[in-house]
Amino acid sequence: MRRRLGKSSAIAIVLCIVGAADAQTQSQERLSRSRIEAGTFFGAMIAGKEIARGVNATGGEQLIAKLNHGAALGLRVGVHSDLLGLEASFLSAGIAVRVNNEFGVRFPNHGERPLICSGDALLYPFRRAIREGKLRPYLTSGIGGMLMSADLDNINDQELHHRLAWNAGGGVKIFVGEERDLYLDLRFTNHRLLGSREIGPIDLRSLTVGVGYRF
């Protein structure tokens, strides 16, 4: 009887160990494979820059579109692995573009909030080496453009203006919970708008906090 109990106990212990090892292996495989991530974010847009200009057809003076400091909010979705990630990003400024003439006179209702769209690549240099993958610093860079609705000639109502953009920045994702699906995303990005005929290159900066989920 004792031999049977001892044998049963040994078998139970072995099965528990095998089961735990298998569960750990499955968990590691689940974490290491590529996963879709989606999230929303908000923060601050550091601007205070002239982003476009035109000629007032009724007065002859320059009309200047300027984006001031304000809020930023948007969405991100992409596919991420241990080392690399690819994502699409949509960032909207919280305030509308302000249009003045060259003498400082404001033209109300001549501008809307701009939208920056981009495709970005992320590099996770430490993979999942920090706190078993719960803390994931990264670098990011990508290309896209800024779309803006503004009236810069004072006769044709608002028209769509666009500028090519190059993004570069970095941040860190902090995963919470045992499954490590929910995360916080802290990111700083420099958005360089390439030059146009009227003005040269411009740097806009965003500092954001996001909440995301891995599917």
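Quick notes
- Helix 2-32 vs. the chain, principal-axis angle (Cα, 0 to 90°, nearest 10): 20 degrees
- Per residue accessible area in Å² of the stretch 96-146, where ligands, DNA and RNA are left out and the probe is 1.4 Å: 55 Å²
- When the P(r) of the stretch 70-119 is calculated, the portion above 15 Å amounts to 61% of the C-alpha pairs.
- Solvent exposure, largest accessible area first (probe 1.4 Å, DNA, RNA and ligands not counted), of Thr40, Thr58: Thr58, Thr40
- Farthest toward the positive end of the dipole of the chain, out of Thr140, Phe126, Val105, is the Cα of Phe126, where the dipole comes from beta carbon charges about the Cα centre.
- Heavy-atom accessible surface of Asp153, to the nearest 10 Å², is about 30 Å², with a 1.4 Å probe and all protein chains retained.
- D (Stokes-Einstein, µm²/s), Kirkwood Cα radius, the stretch 136-189, 0.692 mPa s at 37 °C: 230 µm²/s
- For the stretch 46-72, the residues whose amide N sits under 15 Å from a probe point set 7 Å from the Cα of Arg98 along the beta carbon direction are 46-52, 64-71.
- Proportion of all alpha-carbon pairs of the stretch 109-215 beyond 18 Å (%): 59 percent
- Accessible surface of the chain, 1.4 Å probe, proportion on carbon and sulfur as whole %: 62 percent
- Largest accessible area first, the listed residues Phe41, Phe103, Phe90 line up as Phe103, Phe90, Phe41 when surface is computed with a 1.4 Å probe on the assembled protein chains.
- Using Cβ point charges alone (K and R +1, D and E -1), the dipole size of the stretch 168-215 about the Cα centre works out to roughly 200 debye.
- When the chain is described by a simple charge dipole with +1 on each Lys and Arg Cβ and -1 on each Asp and Glu Cβ, the residue from Ala38, Cys117, Leu91 located farthest towards its positive end is Ala38.
- Placing +1 on the Cβ of every Lys and Arg and -1 on the Cβ of every Asp and Glu, with no other charges, gives the chain a dipole of roughly 1600 debye about its Cα centre.
- Computed as a quarter of the hull surface, the mean projected area of the alpha carbon convex hull for the chain stands at 14.1 nm².
- Stretched out straight at 0.36 nm per residue, the stretch from Val79 to Glu132 would grow longer than its current Cα-Cα span by 17.1 nm.
- Relative contact order for the chain, counting Cα pairs under 8 Å that sit 6 or more residues apart, in percent: 19 percent
- Sorted largest first by accessible area at a 1.4 angstrom probe radius, with every protein chain in place, the residues Ile116, Ile36, Ile143 fall in the order Ile143, Ile36, Ile116.
- Shape category assigned to the stretch 78-167 from the gyration tensor of Cα positions, a/c cut at 1.5: prolate
- Signed unit charges on C-beta, dipole axis of the stretch 141-215, positive-most listed residue Ser196, Gly210, Gly169: Gly169
The values are calculated or read from the model by the stated rules, or taken from the named source; none is laboratory data. This is a predicted model, so every value here is computed, not measured. Counting neighbours? That spans all protein chains shown, and the Cβs are built from the backbone with ideal geometry, glycine included. Just the protein is used for accessible areas: all its heavy atoms, side chains included, with ligands, DNA and RNA removed. Shrake-Rupley method; radii C 1.70, N 1.55, O 1.52, S 1.80 Å.
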